[in-house]
């Protein structure tokens, strides 16, 4: 497919380039035809493929769970209902053991994050050439299909969670209590400047580590799939590549699930910390 038309370097670069829409140097708005053009578009450019696939998968998630909810039966449940109930119970148990406060937002948010991130990650198991090849037949020159390999997506989700952390920290503790938590721990109050520096770094590190962990793991997995796909150029290397790719896909399925779980659990943990109120600071 695509691999037969490009050199190895061009093939890798092609599969790692997003379909980007933004402002061209001449002032017009259009799709970039190379990574260099995308870079020149600057901050306001948008990765159309990442946004499209993430929103599309979100809609599929809502549709599937909505369908399961409408078709709930008290008798013998169907396959979809069994699957949804299993996921909901799993997330409910996880939230119950981690979050000891009252907030009706946390469990639905954890469920949404887990399933949505899992579905985005799962796109990494689609054959790397399939959708890009179909896209090229339709006149679309770039198409990355794994939204979680785009740092704009993962960091966007992480920063949204960070905003919620700040909101609930101030809402539950008050502005003074939140400041005291940052300034007067873990060392005595005279060292408040040192405490403030340490705790501020810890606070800012939460969204950065949350977003970059997911991006890094999924990007590495995608890169391995691309490198294995290059081996299909010959009969012997193709057979070896096929075996390796199958083995990696089985192992990567665990990574796909684990990364979604970690993102959801850390979100719940951070929300619990934001709700924790100490009597003295």
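Computed from the coordinates by the stated procedures, all read-outs in this text should not be read as laboratory data. From a predicted model like this one, the values you see are computed outputs, not experimental measurements. Note that we place each Cβ from the backbone using ideal geometry, even for glycine, and neighbour counts take in every protein chain shown.
Observations on the structure shown:
- The label-point distance for residue 240 and residue 98, in a model that sets each label 7 Å from Cα toward Cβ, rounds to 4.2 nm.
- Estimated FRET transfer efficiency (residue 175, residue 43; beta-carbon r; R0 25 Å; 0.05): 0.20
- Distance in nm between pseudo-label sites at residue 16 and residue 200 (7 Å out along the Cβ direction from Cα): 3.5 nm
- Mean residue ellipticity at 222 nm, helices only, the chain: -24000 deg cm²/dmol; runs of at least 4 DSSP H residues each add -39,500 (n - 2.57), and the sum is divided by the number of residues.
- The stretch between residue 191 and residue 23, if pulled fully straight at 0.36 nm per residue, gains 55.6 nm over its current Cα-Cα span.
- For segment 122-281, the fraction of C-alpha pairs more than 26 angstrom apart is 47%.
- In terms of other Cβ atoms within 10 Å, 235, 153 run from fewest to most in the order 235, 153.
- Taking each residue as 0.36 nm, the span from residue 59 to residue 220 lengthens on full extension beyond its C-alpha to C-alpha distance by 55.3 nm.
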